[in-house]
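Below is one structure, written out as structure tokens; the observations come after it.
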């Protein structure tokens, strides 16, 4: 079933603001109609939580600081089924704690948004410094098969916009959705333009209809709420259309997990988003996302000035990855490089999609991606003269 | 069960999945009767349960909204649901391992917050569903699969634990104190704040077999000498109290209920 | 009312109780036999139910309506109800 769409006046007065990425994401959440936040303090996401305490009071929403991230993801799921648009904000270590809950949300098709302001890891790592190490965690962090959606902002404006998009996508597809920023964007201060009207998508509802199966093409069943007399059976065990546990039935298991995965895979081309710069005549294609893409754009500009045909492919959704667009952009390109603030995560996807040699450029020193890193990496490519 | 109360049950999923003589079956009936006694609207009730045998008490047997969560987390899920919709009557029914071991943190915080939910802890003193392993409620010296020569750790006193965390309504009964249990459950369901009821609910299959109390009848005999109503226990000397556990209700509702930052705990201010 | 239609049940003060045990729900814990305060109401037979448990036969005469069996049956298999009350107006 399709979501219902409404346009509402922006809760924040329209205009230009100068904000930090964390704060901008909090405003985006409020704009999206977030009315439930359950979180735990963690650097570098605490500022988002502190901003949203005040904004939820302004908008009569509910805020609770839970005892840990496991409590947070659990409370979000309970709240979502009670009708709330629920969200949390965390970083790598907190996201690791949330994993079981994320799997539960995927299995029960519970809409919710988690903003991950990534920091240098693994483990406690460098809490105040950036990294892009959670790309696979937001997609494969929990056990077994499920799909999620993740958006990667490269600016404070996008932190605002993509948080709204994340709410809408999670409601439309009944799936946990992530805003995968990193500390460099989370703690960056930039201009944010707030529009007059905000588009909000609401989960499909239909009284008396089974909440966990559908014959609809899109594979998204309607979602009832607690307290409507529907006698809901929400469970993380394999279940049939009505929610009864069916832990010995192979047909039910195949159908359920197949639908959870299929509903996103079939819609992948519609959900996936990307942006390109100068790819039409590019000999070197840089595939970069998040803060690294800012350095990549600078690198493209410098390379072009020295006569090297460089281009940038920026995936906006990391999951689902914009595969078709990547294939198109890379046709005829001689070299592909993937700079990342990790030891190679998106590069593996690029290799898998394109079936060709791709050069990773890794910078894992707890600092934002530097254009020089990318330029040095490209310079070292065989046969390149700069 | 009386025919009138069958209306609240999904009869097609009976008989229950429980073993012969499982105390949770008795508790299931007690909860239904207590809901009836307290005239709670089933349509506005959400039962939240974790993982384990006790967590199957509400799901799928009760005709109400049920939320069967991850292990240890029903109270955290319940916190979200209650705060998002304070109109819901939220009842958590789960086991001792689920609520007190893996879920212990959520239990003490919900008590501290005075969250307006009812928590029913079915305590069989071990992890039943996985074969009978030791739990933080296993009595000292009791045999389980992971304490084959007798447990060497002292157990929690659940009522003291929750009281210490700030719980204003805590209670304990065995399933055999059935009349008091139903009355206490109905009081807990209508308490104006966090209410915790520990119910000693025997597991003849695992605990019973390993500790020589193989039937419900044996458990009743044994528990009669250990679990003493607090009206008697309160008058006992420390020597008399040794190895005995009081049952009853401890309610401190004369303390003003206040949660910092306003009324978002779904309870009285 | 004609003589032949006189009700044959004797007039009495105490209530009588009907005790029903659902054999398809019973799992053979026999706690009802333990808890019932009146001898002879629950009798363990040698017949086996379709679920593989020895069947408990129920003879409700003498039941006091204490409800302990209904309250304590772990399978909710027992229902104890008052027998339909005796209407004085039916007497000749």
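Using a Förster distance of 60 Å, how high is the FRET efficiency between residue A:348 and residue A:228, based on the Cβ-Cβ distance and rounded to 0.05? Once rounded, the FRET efficiency stands at 0.85. Alpha-carbon geometry of the stretch A:69-124: the Rg and the Dmax are 11.3, 36 Å, given in that order.
Please find the FRET efficiency linking residue B:39 to residue A:136, where r is the Cβ-Cβ separation and R0 is fixed at 51 Å, and quote it to the nearest 0.05. FRET efficiency, residue B:39 to residue A:136: 0.45.
Measuring nothing but how far apart in sequence close Cα pairs (under 8 Å, 6+ apart) lie, relative to its length, chain B scores a relative contact order of 18 percent.
Looking at chain A alone, DSSP beta bridges between its own residues are antiparallel in about 40 percent of cases. Using alpha carbons only, how many angstrom separate the centre of the stretch A:304-324 from the centre of the stretch A:107-164? Result: 20 Å between the Cα centres.
Over the stretch A:4-202, the hull volume per residue, using the convex hull of the C-alpha atoms, is 93 Å³.
Here the stretch C:25-78 is described by how far its Cα atoms reach on the three principal axes: 30, 20, 14 Å, from widest to narrowest.
Across all Cα atoms of chain A, the radius of gyration (one decimal) and Dmax (whole number) stand at 20.9, 71 Å. Antiparallel beta bridges, as assigned by DSSP with both residues in the protein assembly as shown, represent about 35 percent of the total such bridges.
Here the Kirkwood formula puts the hydrodynamic radius of the stretch A:275-379 at 13.3 Å, using every distinct Cα pair. Taken along its principal axes, the alpha carbon cloud of the stretch B:164-261 reaches lengths of 51, 32, 24 Å, longest axis first.
Computed from the C-beta positions of residue B:145 and residue B:87 and an R0 of 51 Å, the FRET efficiency is 0.75 to the nearest 0.05. As an equivalent ellipsoid, chain B spans semi-axes of 27, 22, 18 angstrom, where each value is the square root of five times an eigenvalue of the C-alpha gyration tensor, largest first. Each label was represented as a point 7 Å from its Cα along the Cα-to-Cβ direction; for residue B:244 and residue A:276 these points are 8.4 nm apart. Both the radius of gyration and Dmax for the stretch B:145-198 are 14.4, 44 Å, in that order, over alpha-carbon atoms. Mean residue ellipticity at 222 nm, helices only, chain B: -8000 deg cm²/dmol; runs of at least 4 DSSP H residues each add -39,500 (n - 2.57), and the sum is divided by the number of residues. Taking the number of Cβ atoms within 10 Å of each Cβ as an exposure proxy, the fewest-first ranking of A:196, A:351 is A:196, A:351.
Between the stretch A:193-240 and the stretch A:267-300, the alpha-carbon centres lie 34 Å apart. Beta bridges from DSSP with both residues in the stretch A:226-328: antiparallel share about 55 percent, rounded to the nearest 5.
Think of it as helices only: each DSSP H run of n ≥ 4 in chain A is worth -39500 (n - 2.57), and spread over all residues that comes to -11500 deg cm²/dmol at 222 nm.
Spatial offset of the stretch A:334-386 relative to the stretch B:1-59 amounts to 59 Å, using the alpha carbon center of each.
Taking other Cβ atoms within 10 Å as a rough exposure proxy, A:174, A:139 sort from fewest to most as A:139, A:174. For the stretch A:30-136, what class follows from the C-alpha gyration tensor (a ≥ b ≥ c being the square roots of its eigenvalues): rounded when a/c is under 1.5, otherwise prolate if a/b is larger than b/c, else oblate? It is oblate, given that a/c is not under 1.5 and a/b is not larger than b/c.
Quarter the surface of the alpha carbon convex hull of the protein assembly as shown and you get the mean projected area, 41.0 square nanometres.
Using C-alpha pairs below 8 Å separated by at least 6 residues, the relative contact order for chain A is 17 percent.
Taking other C-beta atoms within 10 Å as the exposure proxy, A:129, C:22, A:189, A:85 rank A:189, C:22, A:129, A:85 from fewest upward.
Once the Cα atoms are used to define both axes, helix A:250-265 deviates from the longest principal axis of chain A by about 50 degrees.
Bear in mind these aren't lab numbers, they're just calculated from the coordinates by the rules spelled out. Remember, it's a predicted structure, so these values are computed and weren't measured experimentally. Note that each Cβ is placed from the backbone with ideal geometry, even for glycine, and that neighbours are counted across all protein chains shown.
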